[in-house]
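First the structure, then my questions, so here it is.
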Amino acid sequence: MKICYTVQEVRDTVKEWKRQGLTVGFVPTMGYLHEGHRSLMEAARRDNDKVVASIFVNPMQFGPGEDLESYPRDLEKDAALCEGVGVDLIFHPEPEEMYKEGFCTYVDMNGLTTELCGKTRPIHFRGVQTVVLKLFNIVTPDRAYFGQKDAQQLAVIKRMVTDLNVGTEIIGCPIIREEDGLAKSSRNTYLSKEERQAALILSKSLKLGKEAIEAGERDSKKIIEIISKNIETEPLAKIDYVDVVDFATITPVDIIKGETLVAMAVYIGKTRLIDNFIVQI
Ligand code: PAF
């Protein structure tokens, strides 16, 4: 496995693979890898001749006061996980390599980014879209893999690729959870023991919402109420949002129909966690 720090090194390596007619799968990450990332890399490994993973804590997608500085980092451990899955190349650039002096071009979107996480994180998706398009232009992957845990991000990237005619197929992969239901996240590491226990309220509340839909409830307001009321039973939890939206367009729906995303962001202490499920009615 090769670790590349510059755009040029990646371009040269991928160019040679493409000359040989090999396909390339890509997993963009911010590092501090866990089982969720591993599942993306395994999917990429299954579908492609070569696998590239990027490890880059992208400053552009963090707002003021967010956790850019404290975001956990451990390249050695990450490299070992990548090697274990059979990743061929890690791209690990410095911010200065990605954003050269004078950088002023961004990818923006009119829809999809204003609801859910976009409300509390207004500049987040612009940063995600911009870095992902840059990474796609550098790696030129045949397929790229994103977790459904960041469901809004997945919808945004799918829309961007369609709108801008990017020749990369976007593959969404299921949420990976701890045995007790907590969705895997690099940010779980911020939780104290007590908060870690309290964080179970997210998946437990989602389960109640899902059961209500399975029992025939179609009114979004009722589903939001069932979920929110249960979250409020946990003293350490503070709701950022609980919402029901059309998955493709990320617009709120009154009645659950078609591919629908039920999503939440909840603060457990100072840590903001997200979780969701998608139903097809
Ligand atoms: O999901 C993430 O880890 C990031 O948002 C991504 C896609 C790597 C872009 O920085």
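The values are calculated or read from the model by the stated rules, or taken from the named source; none is laboratory data. Bear in mind the structure is a predicted one, so any value in this text is a computation, not a measurement. Neighbour counts run over all protein chains shown; Cβ positions are idealised from the backbone, glycine included.
Restricting to segment 61-74, name every residue that is surrounded by fewer than 20 Cβ atoms within 10 Å (Cβ to Cβ), under 18 Å from the mean Cα position of the chain (by Cα) and not hydroxyl-bearing (S, T, Y). Don't jump to the end; show me each part of the working.
The first filter runs over segment 61-74 and keeps only residues surrounded by fewer than 20 Cβ atoms within 10 Å (Cβ to Cβ), leaving 62-74.
After this cut, where a residue has to be under 18 Å from the mean Cα position of the chain (by Cα) as well, the list is 62-63, 66-68, 71-73.
Answer for segment 61-74, where residues must be surrounded by fewer than 20 Cβ atoms within 10 Å (Cβ to Cβ), under 18 Å from the mean Cα position of the chain (by Cα) and not hydroxyl-bearing (S, T, Y): F62, G63, E66, D67, L68, P72, R73.
Here are the criteria: (1) under 22 Å from P141 (Cβ atoms); (2) loosely packed, with under 15 Cβ neighbours inside 10 Å. Tell me which single one A80 does not satisfy.
The failed condition is (1).
Would you confirm, using the coordinates I've provided, whether I90 is in contact (Cβ under 8 Å) with a residue 40 or more places away in the chain, part of a strand (DSSP E or B), of a type outside the set (S, T, N, Q) and in contact with a Cys (Cβ under 7 Å, 6 or more places away or on another chain)?
In short, yes.
To continue, here is another question. With (1) in contact (Cβ under 8 Å) with a residue 24 or more places away in the chain; (2) in a helix (DSSP H, G or I); (3) of a type in the set (D, E) as the list, and E115 as the residue in question, which single condition is left unmet?
(2)
Looking at P122 and the list (1) assigned to a helix (DSSP H, G or I); (2) within 25 Å of G65 (Cα to Cα), which single condition is not satisfied?
The single condition P122 does not satisfy is (1).
Restricting attention to segment 52-76, which residues are outside any loop (DSSP other than H, G, I, E, B) and within 13 Å of the ligand (Cβ to nearest atom)?
V52, A53, S54, I55, P59, M60, Q61
For segment 155-183, what are the residues that are surrounded by 14 or more Cβ atoms within 10 Å (Cβ to Cβ), under 13 Å from the mean Cα position of the chain (by Cα) and closer than 22 Å to E42 by Cα?
If the condition is that a residue be surrounded by 14 or more Cβ atoms within 10 Å (Cβ to Cβ), under 13 Å from the mean Cα position of the chain (by Cα) and closer than 22 Å to E42 by Cα, then A155, I157, K158, I170, I171, G172, C173, I175, I176, A183 are the ones that fit.
Got a sec? Which of I278, I224, I239 is part of a helix (DSSP H, G or I), more than 17 Å from T114 (Cα to Cα), of a type in the set (A, V, I, L, M) and modelled with pLDDT of 95 or more? Give the steps one after another, and end with the answer.
Numbers: I278 fails: part of a helix (DSSP H, G or I); I239 fails: part of a helix (DSSP H, G or I).
The unique qualifying residue is I224.
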